[in-house]
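To start, the structure under review is shown below, and the notes come after it.
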Amino acid sequence: MEFKDYEIESSFYDEMFEVDGSPREHCVELHSTLTDLTQLELSTMQERVTRSFYNEGITFIVYGDEAAGERIIPIDCVPRVLANAEWRHIESGLDQRLRALNLFLEDVYNEARIIADGVIPVDVIRGCPQYRIEMRGLSAPYGAWVAVCGTDLVRTNDGFRVLEDNLRVPSGVSYMIATRKAVKANLRNAYRRSQVLDVEHYGKLLLRTLRDIAPPGVSDPTIALLTPGVYNSAFYEHMFLASELDAELVEGRDLIVNDGYVYMRTTSGLRRVDVIYRRVDDDFIDPLVFRPDSYLGVPGLLHAYRLGNVTLANAPGTGVADDKSVYAYVPDIIRYYLSEEPILANVQTNLCRQPEGLEYTLDNLENLVVKQVGGSGGYGMLIGPHATPDERDAFAQEIRSAPDNYISQPVLDLSRAPCLIENEFEPRHVDLRPFILRGHETRIVPGGLCRIALPRGSLVVNSSQGGGAKDIWVLPT
Amino acid sequence: MARYMERAGFMCRLLHIQSEALVDRPIAEIEFGWRRIYTAIDRSPLGGIQGAGPEDDYTLVDAYLLTDELTFVRENPESILSCLERGRENARQIRNCVSEQMWTALNTEFLRIRDIKLTDIWLTSPGSFYAELLAGIDRFTGVATATMYRDEGWHFFRVGQFIERVQFSCSLLLTQTRLELQYGELAEASWRSLLRIFHASGAYDRTYSIEIQPELVLDLLVTDRRIPESLLRSVDRTTQELSSLGDGPNAATSGALRRLAGRLGALLRYDWPDRDDREEVLRQVLTYSRQLHDHLSETYFEYAIQGVPRSDVR
């Protein structure tokens, strides 16, 4: 099917086409395959990809909208292609960033040199709700506070930029693999000819990483994956990863802490657990330390962690490093700990906690995206150019009443990629979430989850806000 | 999961036979069929069972509602759709223990019938619908046998399957004997359909004759180990699977569990042939089988933690 009505605008970087409409060099193979397919073949392929998600049970139910039943994230069957050089650039930038953020976490919960040296104001840390005072004086095994990270990147005409770091319980890796399997099965020839780099060994890399960070002296650690339960929207992913790791999938009620050690119930009795890949938020992991009303966690878990008898991945308190206020300082954090210039740039960020940032934000609301520092999932944000004057006024009031809670950023011209929308190729804005692992070394599978803002013109890629996803093909050359 | 799938299979067979009866059997027989199903699952239908009235149409409306309630109504935990849905949820929770093929067989069958409504099948072919559904459920069981890793999970799967089989079969046989006591001698067709539910119609004819004798039907379904779903065979298979499980956290508890299963087998093997109060024996079997389920859960899953584990226990 031809791309005859496909719109290319020079203000948006197009992932497949040059400005003159010719396919980019690394996209020629895929472009040729897609143009050779008929509209019917493409729509059938799209249907098969969607069906495979239902058959696999990769579904979720939205909290508060249970009546709507099971849903899947809409998956687009047209992959996004990255040239090897582009990927190498991203990879080295992500490695650098995660090394620096882990050093930052070790420091901020111990000596806090970065504050003493005036690189980050103490108020920024103190004001961060994800800073966990309970973690003061603690270290993570091998400095791997963050063992699993999902960093959101966007591309504009100026290149790649980091939109945010997800350092708590990033999700989406199972979608990356399921999408790869489904798309690969339907674009077999193009996939083979392009020699796309593999992502399906992610589970092995995760296992190595978790083994790396086992408590000292434990050579063959027992690993468990802690899930909030079957009703969590990411439960499929928890099950999938437990299976990939050959680890037990446990809920809080399956674990007990005794004498400073963590045990899980098995059909043959209690068994000690050495590493917990937890997919439960900090607030809920230990009711004796964090929220006392939590039924999802394990009483005494943090005590066992403090004693060094169990490793939690990621460690509690890592959220301080992906706070949207701290984000603005990440380039300085990289320079401070690594004495290197950041390879991946940040998006320019105005902190409303600072008088000049607040003034600039309020004066330019119609041109800015404003976000709550603790917000996620596309909630609690204002996209200035798309908001009505009344909405902007109401948001300005909120910012004035609690400026510390807000940051603002320019509206980015997110790159676009062709998607199959109602059986036609149409451009949609996309981002990229690679998954980075850090144990004794950094491990990254070449690719990630490409999120799509599906409504025409939308810039919100979050799945909870109607976003979709597509595969990313990283080429070997 | 195994229990829900086994129950779905039983319900499917009952409704398949009932849907056939609706075509040409007398109204009283149809009414008996509904009563047998509801009594066996220990439920009352919404609005109660309408007695056989003079107007066939009236009965047909009832049949429609009852079929719907037992097949598609999610609020009824015994409906086939509910059983499949709960089996699927269980399977989802233990996806790392079931084979990929099992998940696919279960999930695709669930997705296939999830959006079907009774109106889609009622006027044309409810019989074919149930036959097809039963084939899907049988496919799941076959795929499980062919692909599931033979570890502890497999033995728990089989124990669940056989305990459900014992309970459902026993309920059904108990219902049949109670209804006979209540209504007097039952029509031959009701015993014949009972044999069909157990896949034992041909075996009965070969073993005895084509003449139905209720006592012989009961003997066959209870004690003939050659009938794959006879009570005794199901109990023996349960015992066998229990012996394949480890002792669990507490050897004394698991020993008690095995002894209970042994008592159940002895009841059928040695008491049944000599006792006249067969309803009472079946009632006892049902009680024991329910205890078996509870003890199993307490032994391996919901056990109390006794004593302090040593910190070097790995």
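The values are calculated or read from the model by the stated rules, or taken from the named source; none is laboratory data. In this text the structure is predicted, and so the values were computed from the model without any measurement. Glycine gets a Cβ as well: all are built from the backbone with ideal geometry, and neighbour counts include every protein chain shown. Areas reflect the complete protein model, heavy atoms only, side chains present, ligands, DNA and RNA absent. Shrake-Rupley method; radii C 1.70, N 1.55, O 1.52, S 1.80 Å.
Remarks
- With the convex hull drawn around the C-alpha atoms of the stretch A:112-209, the volume per residue stands at 181 Å³.
- Charge context of A:D123, other residues only, Cβ under 12 angstrom, K/R +1, D/E -1: +1
- Between helix B:231-244 and chain B there is an angle of about 20 degrees, using the helix long axis and the longest principal axis of the Cα atoms.
- Global size of the stretch A:1-146 as Cα Rg and Dmax, reported in angstrom: 23.7, 64
- Using alpha-carbon coordinates, inclination of helix B:80-93 to the longest axis of chain B, degrees: 20 degrees
- Karplus-based coupling profile of the stretch A:107-118, in residue order and whole Hz: 6, 5, 8, 10, 6, 6, 4, 5, 7, 4, 7, x, with θ = phi - 60° in 6.51 cos²θ - 1.76 cosθ + 1.60 and x standing for Gly or Pro.
- Averaged per residue, the stretch A:236-332 has 32 square angstrom of accessible surface, using a 1.4 angstrom probe with ligands and nucleic acids left out.
- Over 31 Å between alpha carbons, listed pairs A:K4/A:K184; A:K204/A:K371; A:K181/A:K371; A:K4/A:K324; A:K184/A:K204: A:K204/A:K371; A:K181/A:K371; A:K4/A:K324
- Under Karplus coefficients 6.51, -1.76 and 1.60, residue-wise ³J(HN,Hα) of the stretch A:340-357 in Hz, glycine/proline x: 10, 7, x, 7, 9, 7, 7, 7, 4, 10, 9, 8, 6, 5, 9, x, 5, x
- Environment charge of A:L432, counting only residues whose C-beta is closer than 11 Å and scoring Lys/Arg +1, Asp/Glu -1: +2
- Antiparallel %, DSSP beta bridges [both residues in the stretch A:216-363], to 5: 45 percent
- Antiparallel DSSP beta bridges within the protein assembly as shown, percent to nearest 5: 70 percent
- Degrees, to the nearest 10: B:100-114 long Cα axis against longest axis of chain B: 30 degrees
- Whole-number D in µm²/s for chain B (Stokes-Einstein; Kirkwood sum over Cα pairs; 37 °C, 0.692 mPa s): 158 µm²/s
- Distance distribution P(r), the stretch A:1-54, all Cα-Cα pairs, bin width 10 angstrom from 0: 22, 41, 30, 6 percent.
- With a 10 Å cut-off around each Cβ of A:48-58, the average count of Cβ atoms from other chains is 2.
- Accessible surface buried at the B:A interface totals approximately 2400 Å², computed with a 1.4 Å probe on protein heavy atoms.
- For the protein assembly as shown, alpha-carbon Rg and Dmax in angstrom: 31.4, 98
- For the stretch A:96-167, the direction-averaged projected area of the alpha-carbon convex hull comes to 5.9 nm².
- Each residue was assigned an accessible area with a 1.4 Å probe, and for A:Y175 the value is about 30 Å².
- Remark: mean inter-chain Cβ contacts per residue of B:150-156 equal 1, using a 10 Å Cβ-Cβ cutoff to other protein chain atoms.
- Linear extension gain, A:D158 paired with A:E70, 0.36 nm per residue minus alpha-carbon span: 27.7 nm
- Rg over Rh [alpha-carbon atoms, Kirkwood Rh] for the stretch B:216-255: 1.21
- Per-residue ³J(HN,Hα) for the stretch B:196-209, Karplus 6.51 cos²θ - 1.76 cosθ + 1.60, θ = phi - 60°, Hz, x for Gly and Pro: 5, 4, 8, 6, 10, 5, x, 5, 5, 4, 6, 6, 10, 7
- Rolling a 1.4 Å probe over the protein heavy atoms leaves B:H155 with an accessible area of roughly 40 Å².
- Surface per residue (accessible, 1.4 Å probe) for the stretch A:335-405, Å²: 54 Å²
- Difference of contour (0.36 nm per residue) and Cα-Cα distance, B:E29 to B:A146: 38.2 nm
- Both numbers refer to the Cα atoms of the stretch A:322-477; Rg and Dmax are 17.7, 52 Å.
- Modelled spin labels at A:L40 and A:N423, positioned 7 Å past Cα toward Cβ, are 1.0 nm from each other.
- Carbon-plus-sulfur accessible fraction, the protein assembly as shown (probe radius 1.4 Å, protein heavy atoms only): 48%.
- Within the stretch A:321-460: Cβ-based charge dipole about Cα centre, in debye rounded to nearest 20 (Lys, Arg +1; Asp, Glu -1): 480 debye
- For B:T104, the solvent-accessible surface computed with a 1.4 Å probe is close to 50 Å², ligands and nucleic acids excluded.
- Delta accessible area of at least 30 Å² on complex formation, residues of the stretch A:247-270, 1.4 Å probe, chain isolated as reference: A:N258, A:Y263, A:R265, A:T267, A:L270
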